[in-house]
Amino acid sequence: MKTIELEQARCRLAECLAGPASGHEKLTFILRFFRAASPHFSADALRSYHLEFSSPFLKTASAAALANRPPGFLLDALELVRVYRERFADDTSADDLDRAERACRLALLETAVVLGEWGQAREALEALSGERLAAEPADTQDSASYYPLEACGKLAASLAGPCPVAAGIVQSVADRWCSEFGAQTGDRLWLLFAQKADENRPAHPEPDCGFLIAAGLRTRVRLHPEAADDTIRLNNDWVSRSEPFHRLIRDALTSMRPILAKTGYAAPSDRHGHFLFTLSEREAAFYGRSLEAPLALLAAGGLVNGYYGRPLVLFPDSTAVTGGVDGEGRIQPVDKDGLKAKLHAAFFSPLRRVVVPWPNLQEAVSVIEQLRISHPNRRLDLQSADTLEALWNDRNVAEAGRVTTAVRLTAGLRRNRGRIAWSAAWAGLLLVIALLLLPLLLRDRNPASIDVSGSVLVARSAGGGELWKHDFGVPLTRSRYADPSLRVRVTDTDGDGRREVLFGVFESTDLGALNGSLFLFSADGDLRLRLKTGRAMRFGGEIYEDHYRVAFADAADLDGDGTKEIVSIAFHFPDYPCCVNVWSLSGEKLGEYWHSGQLEKAEVIDADGDGVRELFLAGQNNEYRCAVLAVLKPPRLTGASPQTPAGAYAADGLDTGGEMAYIRFPKSVLSELALNRDIALHAEEHDGRIRVGLANMAASAHGIQSHFIYYIFDPRFRLLDVDVGDCYFSRVFELRGRPLTDSELSRPVLRFNGKGWSEIQRLKAGSD
């Protein structure tokens, strides 16, 4: 950097400091200026610049401006404090220097705890407390930063005895984080920003320009049909209807009204909200399309809470959302540089989850993975959304309570205080009617089992009584629907306490429109959903027509949001393509995965402990002619099983499915002797171990499939043990006249690594 360039940079910095930029942004510009100049000029040469910008620096070096910054940025700020203290002590206030230094060290401590880096945390804590700390406490070993709030609390507890001052500092951080980033839900949502000084100035691409702001809402609903518009106050100041922030709120609320009506929340267009948004940093410029999605959630939640007079909609304190919204409620991507800055701010904060637009997910994953190279302990969940409706229904983003009869009744009474007497009389009448209907209500109307007779499906109660019938119009094979663990489920799918019937058609004859159909009937026999599994596909250039039969169906809460999803497996008849689908209870197809070979069953197991349960699909692969296990991360299933590229078993036009794990089991001696292919029938998790059971028709002299060998893995799919049944030994000896050898029992197990196959090494006892 030359002197003339330095002077030009000084002028730009001075112009920025005199403008409307926030304290967060001004501090960024000051440090960026000295970071660029220091390698080229001595402290003496920069003396005039230090003196010129000392007051703005010390004024903006606050806890708010230093929060959620990378360690390098904080160290630069601390170095600038040192320069002022050592070389310009006479020209700066000692109190201001002390305050700035403490703010920097406290920010370093918080960032180190978030990143799970005890060494840096200890240095900052020793400087703050004046106490000498021991090596890393044993109970902070798991402070791997997915739960920084818990790690901070454990650290404070471990220091309480030997270092009371340090423990008090850490406890104050834990208390503040508990109120700001606690796991409980509240009425505010974290907004992600990339700094902008004004509308004509582009976002800065540097990652240290991102920051977080918590937007809280207080809402009152005004029942004025003649009102022209929703009114908004920002930090108790009226916001003009011509301001961008007002337009953002109005457009967001317009996008959310159809979703509120669809999900059962009464929010008619003649109900007008008076919104009071509390924002922690009023200097920042609150505009930009990336605010549309979170503001839509806040506005809709405020309107619902105000309408019903209770906090029905709450938001997790540890989640941030970013994304635009189009006129049809689809989440729009944000610009790449702004996304990078926002993710950096989230990464160095105690946030646990960031929701990004679906088109930005790959970029977001790349940014987080790059940060994890330097800070491997930090774990930040990334989640994507493609529609506002999906965001609203996601329990990780919005905790939307059910609108029960009691909620509607009390809300109506509150809004109609002049008619309380009439409402009470109406409630009494309803009570009398309910008492008269009580005998009917107590009658067992809950399905417990099904039966098939000809073309008719019959639902029966626990006592065997017939509840309802449905005639499909074509004959069904009764024996195919006898196993309640496969294509028929009688289960409570929606959590209302009554069981629905999930029924998949599994016939080897062409039933026309019924081929591959999956039906969901209500407890009263009403048809809620009819789903179509499978479609015409091309594998290795050969076309397989749209003729499928449902082999497996189940309903389970896969993503931990309290709402179940439907999982189905359908076989092509008579050939091999197999289609796995995940559906929402509204009938939306959330994912589709294709497999070259039949998959028998889907087990739902949370193998990695992240609260999202994986699909363990056991079956066989036609190309490799062996038993396989595919582990998929729901609900978004894509692609196809890993096959030989351009081979006869490869799905044309589909990439590999990005499985969490895809495992090929070695062919057993039984499969070679009896020419019966092995098949994986079962997967289960117990005490942190995953057992996969293989079967072979030849394992039983009676021709009945049964497990003859178990492969046991840890949650990272490392092979721990192989458990062989006695029937395996005896059948091999019976068929060939000599026992199994050790080498035949330890054939290699292969795993697909995204590009090819690698052997899974068997862990030795005691190894990790």
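Summary of computed values
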item	result
Tabulated pairs, region 61-85, first under 20 Å from LEU212 (Cβ atoms), second in a helix (DSSP H, G or I) and open to solvent by 30 Å² or more (accessible area, probe 1.4 Å), C-beta under 7 angstrom, 6+ apart or interchain	ALA63/LEU106; PRO71/GLN120
Matching residues, region 327-337, being surrounded by fewer than 24 Cβ atoms within 10 Å (Cβ to Cβ) and touching a residue at least 24 places away in the same chain (Cβ under 8 Å)	GLY327, GLY329, ARG330, GLN332, PRO333, ASP335, LYS336, ASP337
Single residue of ALA89, ALA94, ALA124, ALA63 found to be surrounded by fewer than 16 Cβ atoms within 10 Å (Cβ to Cβ) and within 41 Å of the chain's Cα centre (by Cα)	ALA63
Count - residues of region 395-410 that are surrounded by fewer than 19 Cβ atoms within 10 Å (Cβ to Cβ), touching a residue at least 12 places away in the same chain (Cβ under 8 Å) and not basic (Lys, Arg)	5
Qualifying residues in region 97-116 (those that are under 30 Å from ASN377 (Cα atoms) and of a type in the set (Asp, Glu)) - the one surrounded by the fewest Cβ atoms within 10 Å (Cβ to Cβ)	GLU101
Filtered residues of region 648-679 (kept if touching a Pro at 6+ places or on another chain (Cβ under 8 Å) and more than 22 Å from GLU614 (Cβ to Cβ))	PRO666
Meets criteria (part of a helix (DSSP H, G or I) and free of Cβ contacts under 8 Å to residues at least 12 places away in the same chain) for ASP95	yes
Tabulated pairs, region 352-369, first more than 21 Å from PRO70 (Cβ to Cβ), second open to solvent by less than 60 Å² (accessible area, probe 1.4 Å) and of a type in the set (D, E, K, R), C-beta under 9 angstrom, 6+ apart or interchain	VAL355/ASP394; PRO357/ASP386; TRP358/ASP386; PRO359/ASP386
Filtered residues of region 463-517 (kept if assigned to a loop (DSSP other than H, G, I, E, B) and under 14 Å from PHE552 (Cβ atoms))	ASP483, PRO484, SER485, LEU486, ARG487, VAL505, PHE506, GLY516
Within region 687-708, considering residues that are over 18 Å from LYS764 (Cβ atoms) and at pLDDT 90 or above, the one surrounded by the most Cβ atoms within 10 Å (Cβ to Cβ)	LEU694
Residue pairs meeting the criteria (Cβ under 6 Å; at least 6 apart or on separate chains; first farther than 29 Å from LYS342 by Cα and small (Gly, Ala, Ser), in region 294-309; second assigned to a helix (DSSP H, G or I) and open to solvent by less than 10 Å² (accessible area, probe 1.4 Å))	GLY309/ALA411
Odd one out for GLU588 among (1) over 24 Å from the mean Cα position of the chain (by Cα); (2) surrounded by fewer than 23 Cβ atoms within 10 Å (Cβ to Cβ)	(1)
Cβ-Cβ under 7 Å pairs, at least 6 apart or on other chains, region 110-132 side without any contact (Cβ under 8 Å) to a residue 40 or more places away in the chain and of a type in the set (Asp, Glu), far side surrounded by 23 or more Cβ atoms within 10 Å (Cβ to Cβ) and assigned to a helix (DSSP H, G or I)	GLU131/ALA166
Of all residues in region 20-39 being small (Gly, Ala, Ser) and open to solvent by 30 Å² or more (accessible area, probe 1.4 Å), the one that is farthest from the chain's Cα centre (by Cα)	SER38
Strands (runs of 3 or more DSSP E) fully within region 568-610 counting 1 or more residues that are under 20 Å from THR656 (Cα atoms) and of a type in the set (Lys, Arg)	589-596
Region 430-479 - residue that is touching a Phe, Trp or Tyr at 6+ places or on another chain (Cβ under 7 Å) and of a type outside the set (A, V, I, L, M) and, of those, farthest from ASP510 (Cα to Cα)	HIS470
Within region 66-86, considering residues that are in a helix (DSSP H, G or I) and open to solvent by 30 Å² or more (accessible area, probe 1.4 Å), the one modelled with the lowest pLDDT	GLU86
Region 40-59 - residue that is without any contact (Cβ under 8 Å) to a residue 24 or more places away in the chain and of a type outside the set (A, V, I, L, M) and, of those, most open to solvent (accessible area, probe 1.4 Å)	ASP44
Flag for ILE690 being under 33 Å from the mean Cα position of the chain (by Cα) and over 23 Å from GLY540 (Cβ atoms)	yes
Members of region 155-166 found to be of a type in the set (A, V, I, L, M) and closer than 16 Å to GLY119 by Cα, listed by number	LEU155, ALA156, LEU159, ALA166
Selection status of HIS682, in contact with a Gly (Cβ under 6 Å, 6 or more places away or on another chain), surrounded by fewer than 20 Cβ atoms within 10 Å (Cβ to Cβ) and closer than 25 Å to ARG716 by Cβ	yes
Subset tally (residues that are more than 25 Å from the chain's Cα centre (by Cα), surrounded by 17 or more Cβ atoms within 10 Å (Cβ to Cβ) and part of a strand (DSSP E or B)) for region 533-567	8
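Condition check ((1) crowded, with 22+ Cβ neighbours inside 10 Å; (2) within 30 Å of GLU744 (Cβ to Cβ); (3) over 33 Å from the mean Cα position of the chain (by Cα); (4) not β-branched (Val, Ile, Thr)) across all residues:
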{"site": "LEU632", "(1), (2), (3), (4)": "yes, no, no, yes"}
{"site": "THR644", "(1), (2), (3), (4)": "no, yes, no, no"}
{"site": "GLY647", "(1), (2), (3), (4)": "no, yes, yes, yes"}
{"site": "LEU654", "(1), (2), (3), (4)": "no, no, no, yes"}
{"site": "GLY658", "(1), (2), (3), (4)": "no, no, no, yes"}
{"site": "TYR662", "(1), (2), (3), (4)": "yes, yes, no, yes"}
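Residues are listed down the side, and each one gets a yes or a no for (1) out of contact with any Lys or Arg (no Cβ under 6 Å at 6 or more places or on another chain); (2) open to solvent by 20 Å² or more (accessible area, probe 1.4 Å); (3) at pLDDT 80 or above:
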| site | (1), (2), (3) |
| --- | --- |
| ASP142 | yes, yes, no |
| TYR146 | no, no, no |
| ALA151 | yes, no, yes |
| LEU159 | yes, no, yes |
| ALA167 | yes, no, yes |
| VAL173 | yes, no, yes |
| ASP187 | yes, yes, no |
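To keep it simple, each residue is scored yes or no on (1) touching a Leu at 6+ places or on another chain (Cβ under 6 Å); (2) over 24 Å from ARG762 (Cα atoms).
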| residue | (1), (2) |
| --- | --- |
| LEU637 | no, yes |
| THR644 | no, yes |
| ALA650 | no, yes |
| GLY653 | no, yes |
| GLY657 | no, yes |
| ALA661 | no, no |
| VAL669 | no, no |
| LEU673 | yes, yes |
| ASN676 | no, yes |
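The values are calculated or read from the model by the stated rules, or taken from the named source; none is laboratory data. None of these values were measured; they are calculated from a predicted model. With ideal geometry, Cβ positions are generated from the backbone for all residues, glycine too; neighbour counts draw on all protein chains shown. Accessible surface is based on the protein model in full, side chains and every heavy atom, while ligands, DNA and RNA are left aside. Shrake-Rupley method; radii C 1.70, N 1.55, O 1.52, S 1.80 Å.
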